[in-house]
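For reference, the structure discussed in these notes is given below.
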Amino acid sequence: MQITKESLLKSLSRVEDPDLKRDLVSLGMIQGIAISGNKVQFKVVLTTPACPLKEVIKNNCLEALEEDFGKEIEVEITMTSQVTTVRDATPILPQVKNIIAIASGKGGVGKSTTAVNLAVSLAETGAKVGLIDADISGPSIPTMFNVEGEQPSVKKVGDKNVIIPIMQYGVKLMSIGFLTPSDSAVVWRGPMASSALRQFISDVEWGELDYLFIDLPPGTSDIHLTMVQTVPVTGAVIVTTPQKVALADASKGLSMFKQPQINVPVLGVIENMAYFTPEELPDNKYYLFGKEGGRKLAEKYQVPFLGEVPIVQSIRESGDTGFPAVLKNGLTKTAYMELAESVARQIAIRNASAKKTEIVEIKA
Ligand SMILES: Nc1ncnc2c1ncn2[C@@H]1O[C@H](COP(=O)(O)OP(=O)(O)OP(=O)(O)O)[C@@H](O)[C@H]1O
């Protein structure tokens, strides 16, 4: 059969994106077609560079084409990506495609550690990533990125001063820790903390970003409200340990996002410190805080379970030395890369299926 653009597209329209459950052609994912005799070239534009199904989709395309055009067809597929968004080009962060809140109920469950490693993992896949440390009274991001003591520069744009974020490990960063001495106790009144977050959102030159993570303080606070009143949040990720007290608090955090007045989609639950494992004996698992609590929480609230991260000594050391665990080879790298793929996948699914998030109106 002679290969034409139409026959090629007809063939590829039998291939589905397994997550979005629609065919690649109607999703507009097939681009740049070039045909010469029995040689064809095209691009598959995925919804994220962290797509875990890259190889599956590529093989399904090859199979469909060989079925229709025989083994003699020569196919060159370039797998590329364009992160999706449901945001309008609003005056606030117009070039930021997705804003993701990282929240927990209880403090100390590893929310910041998770936010840091997710951000660096996605940057490693080639995505443009930013991270706001909204934990105003206990900023840990500068330490975890080994940029303590750095000060962002400021430039004038028109009559406005804009802050240039600090760039480290491919991630643009903003934290109150860059603006105050690291050993001083920052005691903020609620309104001051909220105004700092608003400034981090609107007065920082974030530029084009695929993913902007906001590392929230633990619990539910004024900061959470300020965030949802300032920007439309694509979705929230809840971090918890499997321990009963952490789960009880995580449920409260999760319910807050689901409240009709807030209405931020919950992308899923991450179980941190799921079990202890010595790195040299990764098959030995000790369930210090109980088993599968995060998974059960996700089931209870009918939200995706995004994955688990074990307690590993090197994760704590990586945080303290400012060299994120995902940048070291080994089991922690694998755990965080898989987690990042899982988060990126849920963002793509959310963007394909749910409508945009509205900013929460301030009611007096
Ligand atoms: N999977 C893990 N394995 C080992 N240590 C971890 C792991 N996750 C986090 N930690 C360590 O636990 C401590 C608390 O983590 P982190 O600061 O990320 O928690 P948090 O929930 O953001 O805390 P807070 O709510 O107080 O800001 C840190 O010392 C961190 O290095």
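Observations on the structure shown:
- Degrees separating the helix 54-69 axis from the principal Cα axis of the chain, which is the longest one: 10
- Between the C-alpha center of region 73-145 and that of region 21-58 there is a gap of 25 Å.
- Antiparallel bridges, percent of DSSP beta bridges restricted to the chain (to nearest 5): 30
- In the chain, a dipole from Cβ-located charges (positive for Lys and Arg, negative for Asp and Glu) runs towards its positive end, and of THR220, LEU247, LEU327 it is THR220 whose Cα lies farthest in that direction.
- Degrees, to the nearest 10: 331-353 long Cα axis against longest axis of the chain: 70
- The order of ARG295, ARG316, going from fewest to most other C-beta atoms within 10 Å of their C-beta, is ARG316, ARG295.
- Evaluating kT/(6 pi eta Rh) at 10 °C and 1.306 mPa s, with the Kirkwood radius of region 197-337 over Cα pairs in the Stokes-Einstein relation, gives 95 µm² s⁻¹.
- Cα pair distances in region 302-364, grouped into 10 Å bins until the bin that holds the longest one, percent each: 18, 33, 24, 20, 5, 0
- Computed over region 99-353, the P(r) curve from all C-alpha pair distances, binned at 5 Å from the origin, holds 1, 6, 14, 18, 21, 18, 12, 6, 2, 1, 0, 0 percent per bin.
- Estimated at 0.36 nm per residue, the fully extended path between TYR286 and ASN146 surpasses their Cα-Cα distance by 47.3 nm.
- When MET337, MET167, MET1, MET273 are sorted by how many other C-beta atoms sit within 10 angstrom of their C-beta, beginning with the fewest, the order is MET1, MET167, MET337, MET273.
- Fewest-first sequence of ASP210, ASP23 by Cβ atoms within 10 Å of each Cβ: ASP23, ASP210
- Mean ellipticity per residue at 222 nm, deg cm²/dmol - from DSSP H runs of n ≥ 4 across the chain, formula -39500 (n - 2.57): -10000 deg cm²/dmol
- Spin-label proximity, GLN31 to region 48-69 - amide N less than 18 Å from point 7 Å beyond Cα toward beta carbon: 48-51, 54, 58
- Rg over Rh for region 30-120 works out to 1.18, both radii taken from alpha-carbon positions and Rh defined as the Kirkwood radius.
Every read-out reported here was derived from the displayed coordinates using simple, explicitly stated rules and does not represent laboratory data. Small disclaimer: the values here were computed from a predicted structure and weren't measured. All Cβ positions, even for glycine, are placed from backbone atoms using ideal geometry, and neighbour counts span all protein chains on display.
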